[in-house]
Amino acid sequence: MNTVMIVSGESSGELYGSLLATALKTKCPDTRIIGIGGERMKAAGVEMVSGIASSFGISEALAAYKAVKATFKKAVDALERFSPSVVVLIDYPDFNIRLAKAAKKKGIKVLYYVSPQVWAWRKGRVRTIAEASDRIAVILPFEEELYRGAGVQCEFVGHPVLEEIESMTEDKAGLRKTFGLDTDSPVIALLPGSRPHELKSLLPVMIDVVRDFKAEFPDYNCRFIMPFAPNADMDKYQNYIGILRDEGVTVKKENAVKALSVADMAVIASGTATLQAAFLETPMVVVYKLSPLSYFIGRLLVNVKYISLINLVSGREVVKELLQSQAGAKNILRELKKIMLNKDYREQMINRFRAAKEMFRDRRPSERVAEMASDLSAEPAQAGMTV
């Protein structure tokens, strides 16, 4: 039986891994799929080698070093024990580039899916990833040219979040019931991210946003919902969650897409959720905070004008980005009021969401990557090599 290994390092990548696993099972039912991920990949039939042990930023990475090191050892051991024909690596560059090199040394084919954001920083990694990969599947349209210039087979396959959205079967009324909402109340979705440092930094901000909004609009009858990522440890943040619930916020482990589907607007930590909201035509304000050290070093290294995916894909400011000290309740509330009260501003934002969505329409990334993995599996095994 053929074996494929899928490796993801955080919640968004884990979602893509679960969609890919489902597509692989449909295309090649006898394929054994092993991997590193979380609950969604497990539910999709992946035999878990290890759970996610990700980190982000400089100081955050130091804190997570031991867990990541232990996970990497399990991954390398799995290459030896299961001898997969293909390893599909999803983003997570510091971990996955090393794992790609280990796989290549064992003659295992490497398919890099969801390229690290080399266009933002460390552009020298383009050639490193190209040399460590047999094929690359990218999910943003402008990434394809970067890798083709490095001499590797690369294809823009579309974005998996659009697949997730299009596969939803529940209507809006049913989704509102999921969050205990009545039929008429306006809804604001609060998405503070999934990484520990995001939750620690942004949950207090979200509390202030709720309180300030209710104080300024006491008669608006707005409902607030906060979906927690499936892999997030809610017990660790019970103090914040308790305060949010006391303020009337519905907090539960739930799919972000479901929350954004019923929301009239959203406050979102920069990440995949900004593209999800755009595809769902949910107006938003983007916020983000890092530790001071991580942000300082990041500003020295990062070479992009925007941080949110919708702005990057559009090539202009479609949504407001509030970073670091600007990511406070006062500024967020100002932007929410603009979305609420300025019809032209709101409609312009939605029209730009629609234009961005056209770049991704009629593509099936999970099916296409499953085909690429299958094609690589059918190729002759490589002799062990040094990368």
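Quick notes on this one:
- Sequence-distant residues sharing a close amide H with residue 107 (under 5 Å, placed H): 385
- For the chain, size of Cβ-based charge dipole, Lys and Arg +1, Asp and Glu -1, in debye: 920 debye
- About its Cα centre, the stretch 77-192 has a charge dipole of approximately 840 debye under the convention of +1 per Lys or Arg Cβ and -1 per Asp or Glu Cβ, with nothing else charged.
- Computed over the Cα atoms of the stretch 63-209, the ratio of the radius of gyration to the Kirkwood radius (Rg/Rh) comes to 1.08.
- With coordinates expressed along the principal axes, the C-alpha atoms belonging to the chain extend over 69, 44, 40 Å, beginning with the largest.
- Note on the stretch 171-358: Cα-Cα pairs beyond 21 Å make up 48% of the total pair count.
- A simple charge model with +1 on the Cβ of Lys and Arg, -1 on the Cβ of Asp and Glu and nothing else charged puts the dipole of the stretch 176-237 at about 200 debye relative to its Cα centre.
- Charge tally in the Cβ shell below 11 Å around residue 192, where Lys, Arg are +1 and Asp, Glu are -1, residue 192 excluded: +2
- Sites residue 150 and residue 47, calculated FRET efficiency, Cβ-Cβ separation with R0 41 Å, nearest 0.05: 0.80
- Set of lysines with alpha-carbon distance to residue 252 below 19 Å, sequence-local pairs under 8 removed: 172, 177, 200, 236
- The chain: calculated mean residue ellipticity at 222 nm from DSSP helix runs of at least 4, using -39500 (n - 2.57): -15000 deg cm²/dmol
- The mean sequence separation of alpha-carbon pairs under 8 Å and at least six residues apart, normalised by the residue count of the chain, gives a relative contact order of 18 percent.
- Residue with peak Gaussian network fluctuation, the chain [Cα springs, cutoff 10 Å], from 186, 365, 160: 186
- The spacing between the stretch 305-346 and the stretch 224-274, judged by their C-alpha centroids, is 19 Å.
- Under 5 Å between amide hydrogens, built in the peptide plane, is the criterion, and for residue 52 it picks out 37 among residues at least 5 positions away or on other chains.
No lab work stands behind these numbers, since they all come straight from the coordinates. Please read these numbers as outputs of a predicted model, since none were measured by experiment. Methodologically, a virtual Cβ is constructed for each residue, glycine included, from the backbone with ideal geometry; neighbour enumeration extends over all protein chains shown.
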